[in-house]
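The values are calculated or read from the model by the stated rules, or taken from the named source; none is laboratory data. For clarity, every value in this text was computed on a predicted model and none was experimentally measured. FYI the Cβ positions are ideal-geometry reconstructions off the backbone, even for glycines, and counts take in every protein chain you see. In case anyone asks, the SASA skips ligands and DNA or RNA and just uses the protein heavy atoms, side chains included. Shrake-Rupley method; radii C 1.70, N 1.55, O 1.52, S 1.80 Å.
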Amino acid sequence: MKTILVTGSAGFIGSNLVLRLFKELSEGTIVGLDNLNDYYDPTLKDYRLSVIEKAKPTGIEYEFVKGDLADKALIDGLFEKYHFDVVVNLAAQAGVRYSITNPDAYIQSNMIGFYNILEACRHNPVEHLVYASSSSVYGGNKKVPFSTDDRVDNPVSLYAATKKSNELFAHCYSKLYDIPTTGLRFFTVYGPAGRPDMAYFGFTNKLLKGETIQIFNYGNCRRDFTYVDDIVEGVYRVMQGAPERKKGEDGLPIPPYAVYNIGGGQPENLLDFVNILQEELVRAGVLPADFDFEAHKKLVPMQPGDVPTTYADATALERDFGFTPKITLREGLRKFAEWYKEFYGHK
Ligand SMILES: NC(=O)c1ccc[n+]([C@@H]2O[C@H](COP(=O)([O-])OP(=O)(O)OC[C@H]3O[C@@H](n4cnc5c(N)ncnc54)[C@H](O)[C@@H]3O)[C@@H](O)[C@H]2O)c1
């Protein structure tokens, strides 16, 4: 019987992970933690929590704790109470642009918060700590696909710097205290009840309001988009495969530490992405069939700091966990559009 902590459980990825754990486990305890902050519309977080409450199967103990990662006493208390076997740290202040105007939130949640998790794992040993990193750690890397063997010493946002720091902190705790840790670098995750600060969601909101969307580099950007179920599949598999605790020739522990990319590995052209999104929005009835997309689309030059192509080399995940994301953009955006229609009820 496992006891699992999922932080950021009211978030996009965290809520989907809890739902997946409900399906997979027949017994055990799941504790979800989230501070329900208002970085984006908290109604979405309440909605996700209500879906979780309704889906809770018998046989599983589930508790939601409203609290902050940066609250050390709270985190220590939770670890002492539950003695978690597996911890999945998904709570973080996300978003690249927001980090320019709100750096404090990143230091509180991503640095102090993650440090509190590591310290709690040190004093209350866990089988495995899995935590979210991000493709943003690759910064301005020009070599594609992005591999975990590439150097990632040049972050171009504070958000990226905090995620890279998490990997460094984790390495240190794996080495010093023999804590098995795995960091997962997610590549642009999308899906139903996703994050409104991300492009596909923002584009949809703007088109509905009759506003114009801006497509950078004239649409000639290629990105790895990863459907949330694929991310959750990856996290679920990785949770069960902690890096082994081994000793080196010197008799000292080799850090049980790993980092993987999770991304589709099939970059999509931004213009194709927008075309599929608009087709699916019409299909789901979010926008009328005669919506004049051309009048609401503006192709603009590249923004400073933008990278034309980013995508994951996810061969290590395939090698070690037998998994590569599979859901196509068409399928994924269809699910998003259908959810959007149902949730916001547009005619
Ligand atoms: N969605 C993506 O495309 C993407 C890409 C790369 C990395 N990530 C990372 O994956 C993780 C999950 O992302 P998401 O898209 O689900 O984001 P999200 O914002 O929907 O979820 C994060 C949740 O954490 C909570 N939270 C934030 N700070 C907290 C704190 N100090 N204490 C407690 N709760 C706190 C928020 O309220 C939110 O519900 C994050 O670590 C994010 O940085 C996401």
Expressed in angstrom and ordered largest first, the alpha-carbon extents of region 157-242 along the principal axes are 55, 27, 22
Straight-line reach check, residue 56, cutoff 23 Å on alpha carbons, 8 or more apart in-chain or any other chain, hits among lysines -> 2, 23, 45, 66, 81, 335
Phi-derived 3J(HN,Hα) across region 167-178 with the Karplus relation (6.51, -1.76, 1.60, θ = phi - 60°), rounded Hz, x for Gly and Pro, is 5, 5, 4, 4, 4, 4, 6, 5, 5, 6, 10, 6
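Just the number, please: carbon plus sulfur as a percent of the accessible area of region 1-158, 1.4 Å probe, no ligands or DNA/RNA counted.
Numbers: 3600 of 7030 Å².
Whole-percent figure for carbon plus sulfur exposure: 51.
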Taking only the alpha carbons of region 252-347, the radius of gyration and the largest Cα-Cα distance, Dmax, both in angstrom, are 18.7, 67
Rounded to the nearest 10 Å², the 1.4 Å probe accessible area of residue 176 is 110 Å²
Taking Cα atoms only, helix 228-239 is inclined relative to the longest principal axis of the chain by an angle, in degrees rounded to 10, of 10 degrees
Rg from C-alpha atoms of the chain, normalised by the globular rule of thumb 2.2 N^0.38 Å, equals 0.99
With label points set 7 Å from each Cα along the Cα-to-Cβ direction at residue 171 and residue 247, the distance between them in nm comes to 2.5 nm
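Can you give me the relative contact order of region 15-112 as a percent, contacts being Cα pairs under 8 Å and 6 or more apart?
Values: 76 pairs, mean separation 28.2, N = 98.
Over region 15-112, the number comes to 29 percent.
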If amide H atoms are modeled at 1.01 Å from N in the peptide plane, then the residues at a separation of 5 or more from residue 70, or on another chain, having amide H under 5 Å from its own are none
Helix 42-55 sits off the longest principal axis of the Cα atoms of the chain, rounded to the nearest 10 on a 0 to 90 degree scale, by 60 degrees
Straight-line reach check, residue 247, cutoff 16 Å on alpha carbons, 8 or more apart in-chain or any other chain, hits among aspartates and glutamates -> 178
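For region 1-61, go through all pairs of different Cα atoms, get the mean of 1/r, take its inverse, and jot down that Kirkwood value in Å.
By the Kirkwood definition, the hydrodynamic radius is 11.7 Å.
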Rg (one decimal) and Dmax (whole number) from the Cα set of region 186-336, in Å, equal 19.1, 70
With bins of 5 Å, the percent of all Cα-Cα pairs of region 228-293 per bin from 0 is 3, 12, 13, 12, 11, 10, 10, 7, 6, 5, 4, 3, 2, 1, 0
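With a cut-off of 8 Å between alpha carbons and a minimum separation of six or more residues, what is the relative contact order of the chain in percent? Write down the numbers at each step before the final one.
Values: 680 pairs, mean separation 60.5, N = 347.
17 percent.
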Under 5 Å from the placed amide H of residue 185, counting only residues 5+ away or on other chains, we find 133, 260, 261, 262
Measuring from the longest principal axis of the C-alpha atoms of the chain, the long axis of helix 72-82 (C-alpha) lies at a number of degrees, nearest 10, equal to 70 degrees
Region 49-104 accessible area per residue, 1.4 Å probe, protein heavy atoms, integer Å², reads 54 Å²
Diffusion coefficient in µm²/s returned for region 62-202 by Stokes-Einstein, Kirkwood Rh over C-alpha pairs, 20 °C and 1.002 mPa s, is 133 µm²/s
Listed by chain and number, the lysines with an alpha carbon less than 22 angstrom from that of residue 297, same-chain partners under 8 positions apart left out, are 206, 209, 341, 347
Quick calc, the chain, dipole around Cα centre from Cβ unit charges on Lys, Arg (+) and Asp, Glu (-), nearest 20 debye, gives 380 debye
per DSSP, antiparallel bridges as share of beta bridges in region 210-347, % nearest 5, sits at 45 percent
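Relative contact order of region 241-347: what whole-number percent is it, with Cα pairs under 8 angstrom and at least 6 residues apart? Mind showing how you got there, number by number?
Numbers: 89 pairs, mean separation 40.3, N = 107.
Relative contact order for region 241-347 comes out at 38 percent.
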Across 58, 310, 188, the residue with the highest GNM fluctuation in the chain (Cα network, 10 Å cutoff) is 58
At the level of C-alpha centres, the distance separating region 229-301 and region 92-134, in angstrom, is 20 Å
Given Cβ charges of +1 for Lys and Arg and -1 for Asp and Glu, the option among 301, 177, 106 whose Cα lies farthest towards the positive end of the dipole of the chain is 301
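About its Cα centre, how strong a charge dipole does region 292-347 have in debye, to the nearest 20, once Lys and Arg get +1 and Asp and Glu get -1 at the Cβ? Present the calculation step by step, with values, prior to reporting the outcome.
Numbers: 9 positive and 9 negative charges, 51 e Å.
Charge dipole of region 292-347: 240 debye, to the nearest 20.
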Residue by residue through region 206-211, the couplings from Karplus 6.51 cos²θ - 1.76 cosθ + 1.60 with θ = phi - 60°, in Hz, x for Gly and Pro, are 5, 4, 5, 7, x, 8
